[in-house]
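Below is one structure; the comments refer to it alone.
Derivation of every value follows stated rules applied to the coordinates shown; laboratory data play no part. None of these values were measured; they are calculated from a predicted model. Quick reminder, even Gly has a Cβ in these numbers, built from the backbone with ideal geometry, and neighbours come from all protein chains shown.
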Amino acid sequence: MRRRRDIGDFPKAGVAVVVTLLASLHLLSAGAAHAQSSCSGPFLSGTNGPSTYVIEGCVWHHGGCSVEYGTMTLSPLDRSAQVERSYFCFDGIPPGEYRLSYSPQCNPAGCTGVQRVSVVDEDVYVVIGRSNCPGDCNADRKVNVQEVIRCVAQVLGEGSGCRLCDANGDYQVGVADLVVVVGSLLHGC
Ligand SMILES: [Ca+2]
Ligand SMILES: [Ca+2]
């Protein structure tokens, strides 16, 4: 008559193999939990090196991240990535201080500024804002004194790069633009 086989019937060597397999699975899962991400095209996937990280994000466009296409540049590493349907991704980034610049800087949805990014010990997700507010050079929808000073410098021919100093959209920055920029400072965007 056949009798029911219970755990006591397994050879000790078999039990040891099972324990070893379970321990291996645990180690593998623990390793996966600590694996870092990397980019596949403009998107996040896979694994990255042990001491480098990912900067990924999207470019805001009319209330969401969905329709932007362009190029994102990462300084000072001088790397660029395609922005597809608003999303971009850089991998293999060591800890440090970086700047993101987007091209085209301006479109009907607004202008982008230079976005500062700090990588310490984990991946970083960034939303690149857009703004139509006169003088809002960093596109955070606020104008501060430093941004007004930057626009004044452009009037004096001593600076460039902030398209939103041009409040009236005539591709020049003059006193009339400064009046509007100061209005953004005093009254908000
Ligand atoms: Ca601002
Ligand atoms: Ca102007």
Practice task
Just subtract the alpha-carbon distance of Leu186 and Ser66 from 0.36 nm times their residue separation and send over the number in nm, one decimal.
Solution key: 39.9 nm
Exercise for the section: Provide the descending list of Cα extents for region 41-189 along its principal axes, expressed in whole angstroms. Expected result: 52, 29, 24
Practice task
Let me know the charge dipole size of region 38-128 about its Cα centre in debye, to the nearest 20, where only the beta-carbon of Lys, Arg (+1) and Asp, Glu (-1) is charged.
Solution key: 240
Completion exercise
The farthest towards the positive end of the charge dipole of region 38-128, of the residues Pro108, Met72, Gly92, given +1 on Cβ of Lys and Arg and -1 on Cβ of Asp and Glu, is Pro108
Exercise for the section: Pop a pseudo-label 7 angstrom from the Cα along the beta-carbon direction at both Tyr125 and Arg85 and give the gap in nm to one decimal. Expected result: 1.6
Problem - Mean Cβ count within 10 Å, highest first, over the residues of peptides 120-129, 161-170 - result: 161-170, 120-129
Exercise for the section: Give the residue from Val119, Ser38, Val59 lying farthest towards the positive end of the charge dipole for region 38-128; charges sit on Cβ (+1 for Lys and Arg, -1 for Asp and Glu) and the dipole is referred to the Cα centre. Expected result: Val59
Problem - 16 Å tail of the calculated P(r), region 145-187, as % of Cα pairs - result: 20
Practice task
Residues in region 95-114, backbone N under 17 Å from the label point at Asp78 (7 Å along the Cα-to-beta-carbon vector): list them, ranges by number please.
Solution key: 98-101
